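One structure below.
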There are 4 protein chains.
Amino acid sequence: MPKLGMEPLRRRALIDAAVAAIGEAGTLDVRMSDIAGRAGVSAALAHHYFGAKDDLLRATMRSLLADLTRETRIALARAVTPRQRASAIVAVNFSEPQFSPDIVAAWLAFYVEAQRSAEMRRLLGVYARRLHSNLTHALSALMPRVQAARTAEGVAALIDGLYIRRALKHGAPDPASAIALVEDYITLKLGRTP
Amino acid sequence: MPKLGMEPLRRRALIDAAVAAIGEAGTLDVRMSDIAGRAGVSAALAHHYFGAKDDLLRATMRSLLADLTRETRIALARAVTPRQRASAIVAVNFSEPQFSPDIVAAWLAFYVEAQRSAEMRRLLGVYARRLHSNLTHALSALMPRVQAARTAEGVAALIDGLYIRRALKHGAPDPASAIALVEDYITLKLGRTP
Amino acid sequence: MPKLGMEPLRRRALIDAAVAAIGEAGTLDVRMSDIAGRAGVSAALAHHYFGAKDDLLRATMRSLLADLTRETRIALARAVTPRQRASAIVAVNFSEPQFSPDIVAAWLAFYVEAQRSAEMRRLLGVYARRLHSNLTHALSALMPRVQAARTAEGVAALIDGLYIRRALKHGAPDPASAIALVEDYITLKLGRTP
Amino acid sequence: MPKLGMEPLRRRALIDAAVAAIGEAGTLDVRMSDIAGRAGVSAALAHHYFGAKDDLLRATMRSLLADLTRETRIALARAVTPRQRASAIVAVNFSEPQFSPDIVAAWLAFYVEAQRSAEMRRLLGVYARRLHSNLTHALSALMPRVQAARTAEGVAALIDGLYIRRALKHGAPDPASAIALVEDYITLKLGRTP
DNA sequence: AATGAATGAGCCTTCATTCAT
DNA sequence: AATGAATGAAGGCTCATTCAT
């Protein structure tokens, strides 16, 4: 009987290493051997478990999406009022580790890749629609539906903008002020103080 | 009898070709031979005029920045009131050809590269600070300086976010609705300020 | 409590799997893991029993040779007259499973490998000399020895040629017409000899 | 003006080098860098001119086929009687450089590859059909058409068989005795002494 | 007896860059 | 001024082989 059960551990380690490598480099253009090295294994093993580099990258992106989805679900479950639901969605996007420089940079790298890869585009599209849908749903209780959808777009754009600025350290928004900026926007749209 | 005065023409053609190639690919990871081919010359000539690929890329980015700077200067010169100045800055960022898909994608590509290249980071920093300064200056006539700076940050983030969403076709904002979104934000901030 | 007596079973299964894999691929360039998989075991086990890939291939070739040798011996034992002996040798080469596409393709693959491997060359040489010797011996009773040797060469060349054409499906000779072709050749040579 | 006109020279040199490398190795499994090295250039240049390894191999096979086709055409043009035409076809297949060990081994390697590559199979099929057609046509003037076709098959099989035996040095047929063997077969089928 | 785990070596391929003309 | 020719360096991927259990 050989050493057993390494596969899930290695897959996890390789995906984590990929996030770290991509986040640090700010691009998907990292070497398989770098990723593998960070995970403490050979490049050959990465290929053994994932096939080609693209497969590992796809798995990595799915992992990022899954993390965000899970965190969002948890945060939404805690929220009671519609306003709290909207705030919960915003908060998750700027919470640790989602808003850590590496994760943010990795997100940006996948965004860029989505311009070329249909699969990446599809995955990001799913996330974008869910974010929009969640926001619109929460805000619809507080304003007309059309207004809610429009506000959701503004919030989504703000989140993306703050992400890219975080990645580039332009005005390097810290989580608290990022949240404050978006909350302020929502509050203004609601037309009353929180 | 060599053709004289070709240098400026070739440099311009190569830079334009670089913008087109990068914009189409959505990344700086395009071949020198592709760029040169679009400009109708050989890759060797591109090296002759620019040295290394990095040099051509830097020149290309400077060109994008110069275009935006020039357009901004022109638009600001036309504006009379502070409110018009703010709107002018916003409008330029969403006017043709700045907000065309290729230009937007090229911007995004350079943003990403800035994570690695100090020179790119410096160039983008100059632009970011100028945008922020211009906005803050215009808005300071309409609200307290601290509020103005804060609003400028929001506007900048919105612009970046709308750019990335344009590049990815997430909600694919058209110029008019993008401008409306940002103008709405400014108007809200103004109305709430006093 | 390890299973006992598995070795001969595994070796046989692996050799059979090698023949099948090589025959299907038409080359020795098949993966150890493919061969092992066909035998229902891991690649590591194949190494355990055979050492290196080359060793397994050599054993596989010996197996093919042994099969052919055995069949030839049986067929020759049944033959009574010299003419029958010649026909028996021919018939064996085109009988099942010797002339089945996979076996034929495997033979061809080993032929090719013999250009590089001295051991393969030696093994094939033994078989070639025995074929020639058997044919010459049978035909010597019917024609002068020199003529018999020459005819044996023609028969051997025909057999090789029909094998390669079978492997490539050039004119895709079926067993019956292949035999007819070679028998016709022998008959012609016999009729002309006296 | 750069150094010009190297392309046809390099392509020719690379194809010749490929034939030599393949002929020596007895397989298509040779390194691009080996082929390029024999041609006195880098592997990168081979890719520059041919694209992928497969493309170079296809071009190499086409070259072998073209050589044989050309030689056959020349030889047929010289022949007067049908019997001479048949002999001419045979003679070409065993003439220099067609029957030189390297060329023969290269042919064999491509034969083997044809089991996997549809393109190779197609190319070889064209050649096989032309050989058969040429032979049948020549022999049809001397015997019934059905007999002629059957004899052509025998001749083709003999040629293939003698090629493979040449490649493997089994009985290592020299050109003269190879021709004699095939001519003898044709003569026997014609039913009369030459 | 048997295998999952793991890797080193090797090859194809790409591409920026240089050079001679 | 311009380019075809040419290459070195680098990265992805495959596969036989070894090892610990």
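Restricting attention to the stretch B:21-58 and to residues that are more than 13 Å from DNA strand E (Cβ to nearest atom) and either under 15 Å from the mean Cα position of the chain (by Cα) or at positive phi (or both), the residue that is surrounded by the fewest Cβ atoms within 10 Å (Cβ to Cβ) turns out to be B:40. Filter the stretch D:1-23 for residues that are free of Cβ contacts under 8 Å to residues at least 12 places away in the same chain and among the charged types (D, E, K, R); which is nearest to DNA strand F (Cβ to nearest atom)? Top of the filtered list is D:3.
Filtering the stretch D:150-183 to residues that are over 21 Å from residue D:26 (Cα atoms) and more than 10 Å from chain C (Cβ to nearest Cβ) leaves D:176, D:179, D:183. In the stretch B:71-87, the residues that are on the phi > 0 side of the Ramachandran plot and at pLDDT below 95 form no Cβ pair under 7 Å with any partner that is among the basic types (Lys, Arg) and crowded, with 16+ Cβ neighbours inside 10 Å, whether six or more places apart or across chains. As a summary of the residue check, residue D:10 satisfies the conditions (1) closer than 19 Å to residue D:107 by Cβ; (2) more than 8 Å from DNA strand E (Cβ to nearest atom) except for the one numbered (1). Highlighted here are the helices (runs of 4 or more DSSP H) found entirely within the stretch B:8-101 that include at least 1 residues which are among the acidic types (Asp, Glu) and over 30 Å from residue B:187 (Cβ atoms): B:32-38, B:53-78. Within the option set D:111, D:127, being modelled with pLDDT under 95, buried (at least 22 other Cβ atoms within 10 Å of the Cβ) and at the interface with chain C (Cβ under 10 Å from one of its Cβ atoms) holds for one residue only, D:111. Here residue C:90 clears all of (1) more than 16 Å from DNA strand F (Cβ to nearest atom); (2) away from chain D (no Cβ under 14 Å); (3) under 19 Å from the mean Cα position of the chain (by Cα); (4) in contact (Cβ under 8 Å) with a residue 24 or more places away in the chain except the condition numbered (2). Without any contact (Cβ under 8 Å) to a residue 40 or more places away in the chain, surrounded by fewer than 22 Cβ atoms within 10 Å (Cβ to Cβ), facing chain D (nearest Cβ under 9 Å) and out of contact with any Cys (no Cβ under 6 Å at 6 or more places or on another chain): does that describe residue C:145? Here the answer is no, as residue C:145 does not meet what is asked.
Hey, does the stretch A:34-52 have a residue that's in contact with a His (Cβ under 8 Å, 6 or more places away or on another chain) and of a type outside the set (Gly, Ala, Ser)? Looking through the stretch A:34-52, none of the residues is in contact with a His (Cβ under 8 Å, 6 or more places away or on another chain) and of a type outside the set (Gly, Ala, Ser).
Which members of the stretch C:118-139 meet the condition of being small (Gly, Ala, Ser) and without any contact (Cβ under 8 Å) to a residue 24 or more places away in the chain? Working first, answer last.
Step one: of the stretch C:118-139, the residues small (Gly, Ala, Ser) are C:118, C:125, C:128, C:133, C:138.
Residues satisfying the conditions are C:118, C:125, C:133.
Take the stretch B:24-37 and flag every residue that is within 13 Å of DNA strand F (Cβ to nearest atom) and within 14 Å of another protein chain (Cβ to nearest Cβ). Residues satisfying the conditions are B:29, B:31, B:33. Annotation note: Cβ proximity below 6 Å between a residue of the stretch D:153-180 that is under 15 Å from residue C:132 (Cα atoms) and at pLDDT 95 or above and a residue that is not in a helix (DSSP H, G or I) and not basic (Lys, Arg) (sequence gap 6+ or interchain) occurs for D:162/D:173. Residue pairs whose Cβ atoms lie under 7 Å apart, sitting 6 or more positions apart in sequence or on different chains, and linking a residue in the stretch D:40-59 that is modelled with pLDDT under 95 to a partner that is more than 9 Å from DNA strand E (Cβ to nearest atom) and not charged (D, E, K, R), do not occur here.
You will find that of A:51, A:40, the residue that is under 30 Å from residue C:42 (Cβ atoms), more than 14 Å from chain B (Cβ to nearest Cβ) and more than 14 Å from DNA strand F (Cβ to nearest atom) is A:40 and no other. Taking the stretch A:97-108 as the range and being more than 10 Å from chain B (Cβ to nearest Cβ) and hydrophobic (A, V, I, L, M, F, W, C) as the test, the residues that pass are A:99, A:103, A:104, A:106, A:107. Regarding the stretch B:131-150, can at least one residue be identified that is within 13 Å of the chain's Cα centre (by Cα) and at pLDDT 95 or above? Looking for residues that are within 13 Å of the chain's Cα centre (by Cα) and at pLDDT 95 or above, one finds at least one in the stretch B:131-150, hence yes.
Kindly evaluate residue B:114 against the criterion of being free of Cβ contacts under 8 Å to residues at least 24 places away in the same chain, among the aliphatic types (A, V, I, L, M) and farther than 13 Å from residue B:65 by Cβ. Walk me through it before giving the result.
Values: free of Cβ contacts under 8 Å to residues at least 24 places away in the same chain: yes; among the aliphatic types (A, V, I, L, M): yes; farther than 13 Å from residue B:65 by Cβ: no.
In short, no.
The values are calculated or read from the model by the stated rules, or taken from the named source; none is laboratory data. Treat the numbers as computed from the prediction; the structure is a model and nothing was measured. A quick note on method: Cβ atoms are made from the backbone with ideal geometry, for glycine too, and the neighbour counts reach across all protein chains shown.
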